[in-house]
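The values are calculated or read from the model by the stated rules, or taken from the named source; none is laboratory data. These figures come from a predicted structure and were not determined experimentally. Positions of Cβ are backbone-derived with ideal geometry, glycine not excepted, and every protein chain shown enters the neighbour counts.
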Amino acid sequence: MKIELPQVGESVTEAFIGKWLKQVGDRVEKYDFLVELVTDKVNMEMPSPATGVLSSILVSEGETVPMGTVIAEMEVEGGDPPASVPKAAATREVADRVGTLLKDVAPVGPTGSGGPISAAPTEAPESGGTTEAGKRLSPAVMRLAAEHDVDPSEVSGTGIGGRVTRKDVKAHVDARGAVAGTPSDEERVPLTPVRRMIAANMVRSATEIPEAWTVVEADLTGLVALRERARERFQQREGVNLTYLPFVLKVVAESLKANPLVNSRWDGDAIILKRRVHIGVAIATAEGLVVPVVHDADSLSVAGLARAIDDLATRARQGKLAVEDVRGGTFTVNNTGALGSVTGKGLINHPQAAILNTESIVKRPVVIDDAIAIRSIMNLCLTFDHRILDGAEAGAFVGDVKRRLEAMRPDMGVS
């Protein structure tokens, strides 16, 4: 049977082959882990879809290939295997960094992350080309060699059968740079596979999406008082800290239901409206920023959202997020206020329609009824896909978020 890279979400188009955990000739039990995969969303160990003997490995470590690519072949025991691996088998899928999640590297959040990586080649990896010695080259290796003006025939291959991999080309480039020397006041920092994917994602978001953005001020004085009054009792009752984020997510979810065009994606000749509200939330970790998803956020109370956020944040910082935790987002909230930012424009988490930055809550003098008052103000910064939304629709959505946040009062309950 042919073993293909699994589809793990509409925004993941290719994967980096990290390490083969089984070798040709090994007997493999169904659900044994075959290979470590790195995508812009998650680092995962891919399980075997059947029991048998691994007869060939078609894609070497260090290569990047499209999802759906045949990466290995297996002689199956007991007849034909199922067409795909059951979801229950896809366990121990571990995530680490935003928007990008990996074991040993840190991802970047919606301000510079998320979404699918650069358009994947359509040909199979072995159709890329060959060296003068007749060794096959994948399209990814050919592209990397061309980018750095490297002759693949000069590169020593460490892949299967002496095949040249991306890692080999990278090592050749690094060695060439070391020979040439670098200025003593500079340091060359090699890019990780994830960093390359993130860079490609950012280029895709910035070049493919005609974006616009808008900022409104929201008076959160009532919400600040409500949280201050309720936080201690909430902590005792729920066992989690009550931050402003669950209030924001509650309001955003309600506003997405009232403005469904914002909860959509571009599809060439159509706009795909998402009926369910899955909100991605940027969470800072020691390794970087991750964007796990609160699924069906519109069905949760403030308390439910607080528990969901706390659970995702805890597992994100422990490196225990699963693929399901980072897939399916329909909208993203980027809490840049936690970093002290007061105004910022996020890059849209492709292929979503918009991203909302929630900024720091700061006290400012404002005019109320012709009198100056000190109020707690937060900027709401919405970046949106202008193919999907015009200023009127974007303004209606962010205005709805503002109105709902400003309607919160200290005497309201938190449940």
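For the range 218-322, which strands (runs of 3 or more DSSP E) that fit wholly inside it have 2 or more residues that are surrounded by fewer than 16 Cβ atoms within 10 Å (Cβ to Cβ)? Spell out the reasoning first.
Working: elements: 264-266, 271-273, 279-281, 283-285, 288-290.
Result: 271-273.
Taking the criterion of being among the acidic types (Asp, Glu) and within 26 Å of Ser264 (Cα to Cα), the residues of the range 369-397 that qualify are Asp385, Asp390, Glu393.
How many residues are part of a loop (DSSP other than H, G, I, E, B) and touching a residue at least 40 places away in the same chain (Cβ under 8 Å) if we restrict to the range 325-341? Let's see the steps before the verdict.
Start the filter on the range 325-341 by keeping residues that are part of a loop (DSSP other than H, G, I, E, B), which leaves 327-330, 335, 340-341.
From what's left, touching a residue at least 40 places away in the same chain (Cβ under 8 Å): 327-330, 335.
Number satisfying all stated conditions: 5.
Quickly run through the range 390-415 and pick out the residues that are assigned to a loop (DSSP other than H, G, I, E, B) and in contact with a Gly (Cβ under 8 Å, 6 or more places away or on another chain). Walk me through how you get there before you give the answer.
The first filter runs over the range 390-415 and keeps only residues assigned to a loop (DSSP other than H, G, I, E, B), leaving 390, 407-415.
If the condition is that a residue be assigned to a loop (DSSP other than H, G, I, E, B) and in contact with a Gly (Cβ under 8 Å, 6 or more places away or on another chain), then Ala407, Met408, Arg409, Pro410 are the ones that fit.
Restricting attention to the range 56-91, the residues that are more than 21 Å from Thr39 (Cβ to Cβ) and modelled with pLDDT under 90 add up to 7.
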